[in-house]
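Everything below concerns the one structure shown next.
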Amino acid sequence: MSKILITDDEAYISTQLKERLTMMGHEVVGRASSGESSIEMAKNLCPDLVLMDIVMPGKLDGIAAAEIIKKEQDIPVLFMTGYADDQLIERAKQVEPYGYILKPFQEKEIKASIEIALHKKEMERLLYKSEKKYRELVNNIPGVVFTGYKNWSIDFIDNKIEALTGHTMKDFNSRKLKWLDIIFKDDIEPMQKIFTKALKSDKTYIREYRITSKNGEKNWLQQRARIICDSQGEILSVTGILFDISNLKRMEKEKEKLEARLQQVQRMESIGTLAGGVAHEFNNILAIIIPNTELAIDDVPDRSLAKECLDEIRSASLRASNVVQQMLSFAHKDLTERQPVKLAPIIKDCLRLVQTSIPGTIEISQDLSCEFDTVLADPTRISQVIMNLCPNAAQAMSEHGGVLKVTLKNVEVENQDEELDVKPGRYVKLTVSDTGHGIQPEIIDRIFDPYFTTKEVGKGTGMGLSVVHGIVKNCRGTITVHSEPGKGSVFEVLLPVIEAETKQKVKEPEALPTGSERILFVDDEQSLVKVVRRILERLGYEVETKTNPDEALDLFRSGPDRFDLVITDMTMPQMTGKRLVKEILNIRADMPIILCTGFHEKISEENAGELGIKALVFKPFAARDFSITVRNVLDEK
Ligand SMILES: Nc1ncnc2c1ncn2[C@@H]1O[C@H](COP(=O)(O)OP(=O)(O)OP(=O)(O)O)[C@@H](O)[C@H]1O
Ligand SMILES: [Mg+2]
């Protein structure tokens, strides 16, 4: 049973109609006699259907009233009229009525029209419900649903597209804008390849590409879609979902960067091991050449050709020793003494030197005012850092000039920084930047490699930055570089700050100190034993030597008081220096001992103290340093 509102100005017709409708089983909830009253009653009675006469007295005729009822309440209206001129029908059509019955009407006709109208309304309701369900589904999917055509035009796209691209659904639906218009040009070809491949297989594909949003932002999208074809295989449309994967891509990039950095660190480690090995071999050879040459120089007449030759050998060997030092620095095996040093004064001195060697077109700007600049380092190594970074910067600006800027600043590292590989704490940041030609991205990962250079043969060895890298690492710091080709480079060195007073270096006396004490020297290298014996004997000492530590121990045991000092090598095939030291101290606890080590033997001054060793000597040693250490240890007794 449906509730019906009758609207007709003729009471006779409306009465008759009511009777008939009631007989048909409907409920007539009201009878209006004008457009205005029909609107009012529809509002109050909420009928399922309004039967509406068109021509009625009053301001609103049936069509005008139907329009309002439809708009305000969406109740279906069925027109009934005695007039059927074209103009009227045309106007009536505009309100999309559910039917149109001409008076006088047959009962069958009314019955059918009412049923059709009510059925139509029910269909509309169901359609609306189902549409609502799918609209909600589309709206809740965390992606943008679309249907498009092979020519890149879009048929349907959901309104989340605006958040994704800045363009509205309307922009695409009106075909003003094609999807192709916002895609990165470089990505189009690969996208087409994926499409063609999908067409030949199961017609589904996933592709990732970049688009430019309305505000110019670049976004990464992932498109998952299916190609719909007709029975002949002709493409009808493409349907799918678009996802914003910009964050994912950003994270992937970060990960790649971290991995590249890790790889670089690993590569540097392995090159370091190799360089360290070579340096070790070389070091042992120099340990024999240098002191022997020094001894020979003392023995030949001053103005002889032999003296000149020996001087040449000596200076060449010292140069070789420098190269070894560089390699050791790079391999982090540098055992030069670290002490608290203030950075600012050292950097200032270096910059004065740099100033004299660079063209006038390069301006140096410095800001070294920083509260904490004391670090644990070897001052000469700090100079080396500056004297490598600044000339590199100057060379990059040699053609067009520019500004070389050196600054010091304190920074706090709060959390362990994985990328920088530094522990939390207070650091001083040394920045050396230039406005030169910059570094190409293809080579930036290699600039810290030893012997990597882009300079002409003879202009650079490529060791500069690798040495800097080693020095910085040795000081538990880090070095990073940022560069934009054509705009310049920025090198940043972070060094941990220490809170300690800087100590003044003691001046060394000029003449070699002598003595007459008895010394036992142990080293498995025959040539080194020979040269050390010569040096010590020349200084007045009584020397006994052994190339086998077991024999040395036997000798010592047979008369522990025969010696005033024992000097032993660290690494020997039969017994390590550490063991020998322990055995000797077991026999005579107050025996002064000096330990000689190469760079690779991990032992520090603190360690040495714990072992009961009085001093450490690093190979290759010059006669001067060696004799001073011997004298100091003997005097300490
Ligand atoms: N400030 C900079 N601007 C541009 N390129 C640089 C800069 N610093 C270093 N480079 C690049 O890194 C390479 C390696 O530098 P590194 O200091 O290790 O060696 P080098 O300067 O070539 O030679 P050496 O320092 O031994 O004389 C350089 O050849 C250059 O290509
Ligand atoms: Mg250099």
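The values are calculated or read from the model by the stated rules, or taken from the named source; none is laboratory data. Worth saying up front: this structure is predicted, and the values here are computed from it rather than measured. Here the Cβ is made from the backbone with ideal geometry for all residues, glycine too, and neighbour counts use every protein chain on show.
Would you check if ARG314 is without any contact (Cβ under 8 Å) to a residue 60 or more places away in the chain, in contact with a helix residue (DSSP H, G or I) (Cβ under 9 Å, 6 or more places away or on another chain), over 30 Å from ILE271 (Cβ atoms) and charged (D, E, K, R)?
When the stated conditions are applied, ARG314 passes them.
Would you mind stating whether LEU21 is part of a loop (DSSP other than H, G, I, E, B), assigned by TED's automatic domain parsing to the domain that holds VAL77, under 19 Å from TYR100 (Cα atoms) and out of contact with any Phe, Trp or Tyr (no Cβ under 7 Å at 6 or more places or on another chain)? Step through it out loud before you land on a result.
Details: part of a loop (DSSP other than H, G, I, E, B): no; assigned by TED's automatic domain parsing to the domain that holds VAL77: yes; under 19 Å from TYR100 (Cα atoms): yes; out of contact with any Phe, Trp or Tyr (no Cβ under 7 Å at 6 or more places or on another chain): yes.
No: the conditions fail for LEU21.
Taking into account only those residues within segment 420-468 that are in contact with a strand residue (DSSP E or B) (Cβ under 6 Å, 6 or more places away or on another chain) and either hydroxyl-bearing (Ser, Thr, Tyr) or in a helix (DSSP H, G or I) (or both), which is nearest to ligand 2 (Cβ to nearest atom)?
Top of the filtered list is SER433.
Within segment 89-108, is there a residue that is among the acidic types (Asp, Glu), part of a helix (DSSP H, G or I) and at pLDDT 90 or above? Break it down into steps so the answer makes sense when it comes.
Within segment 89-108, the subset among the acidic types (Asp, Glu) is 90, 96, 107.
From what is left, the residues that are part of a helix (DSSP H, G or I) are 90, 107.
Going one step further and asking which of them are at pLDDT 90 or above, we end up with none.
Checking segment 89-108: not a single residue is among the acidic types (Asp, Glu), part of a helix (DSSP H, G or I) and at pLDDT 90 or above.
Under 6 Å between Cβ atoms, which residue pairs at least 6 apart in sequence (or on different chains) link something in segment 559-573 that is aromatic (Phe, Trp, Tyr) with a partner that is surrounded by fewer than 18 Cβ atoms within 10 Å (Cβ to Cβ) and at pLDDT 90 or above?
Note: pairs meeting the criteria are PHE563/ARG518.
Would you check if LEU51 is part of a strand (DSSP E or B), within 24 Å of LYS111 (Cβ to Cβ) and not small (Gly, Ala, Ser)?
yes
Scan segment 472-480 and give yes if some residue there is within 16 Å of ligand 2 (Cβ to nearest atom), in contact (Cβ under 8 Å) with a residue 60 or more places away in the chain, basic (Lys, Arg) and in the same structural domain as GLN355 (by TED's automatic domain parsing), otherwise no.
No: zero hits.
Has segment 94-102 got any residue that is over 27 Å from ARG125 (Cβ atoms) and among the hydrophobic types (A, V, I, L, M, F, W, C)?
If we filter segment 94-102 for residues that are over 27 Å from ARG125 (Cβ atoms), which is where we start, we get 102.
This time we only want the ones that are among the hydrophobic types (A, V, I, L, M, F, W, C), so: 102.
Yes, segment 94-102 has at least one match.
When you scan segment 262-271, do you find a residue that is among the hydroxyl-bearing types (Ser, Thr, Tyr), outside the structural domain of ASP171 (by TED's automatic domain parsing) and over 17 Å from THR147 (Cβ atoms), even just one?
yes
Quick one: is GLU371 within 29 Å of the chain's Cα centre (by Cα), more than 16 Å from ligand 1 (Cβ to nearest atom) and assigned by TED's automatic domain parsing to the domain that holds VAL467?
It is false that GLU371 is within 29 Å of the chain's Cα centre (by Cα), more than 16 Å from ligand 1 (Cβ to nearest atom) and assigned by TED's automatic domain parsing to the domain that holds VAL467.
Report yes if GLU419 is at pLDDT below 85 and closer than 16 Å to GLU492 by Cα, otherwise no.
Criteria met by GLU419.
With respect to ILE386, is the statement that it is farther than 21 Å from THR480 by Cβ, within 13 Å of ligand 1 (Cβ to nearest atom), in the same structural domain as ARG426 (by TED's automatic domain parsing) and buried (at least 17 other Cβ atoms within 10 Å of the Cβ) true? If you could, list the steps in order and put the result at the bottom.
Numbers: farther than 21 Å from THR480 by Cβ: no; within 13 Å of ligand 1 (Cβ to nearest atom): yes; in the same structural domain as ARG426 (by TED's automatic domain parsing): yes; buried (at least 17 other Cβ atoms within 10 Å of the Cβ): yes.
When the stated conditions are applied, ILE386 does not pass them.
Out of the residues in segment 449-462 that are within 27 Å of the chain's Cα centre (by Cα) and touching a residue at least 60 places away in the same chain (Cβ under 8 Å), which is nearest to ASN322 (Cα to Cα)?
My answer is PRO450.
Give the residue, chosen from ALA377, ALA396, that is within 16 Å of ligand 2 (Cβ to nearest atom) and surrounded by 15 or more Cβ atoms within 10 Å (Cβ to Cβ).
On the way: ALA377 fails: within 16 Å of ligand 2 (Cβ to nearest atom).
Unique residue meeting the criteria: ALA396.
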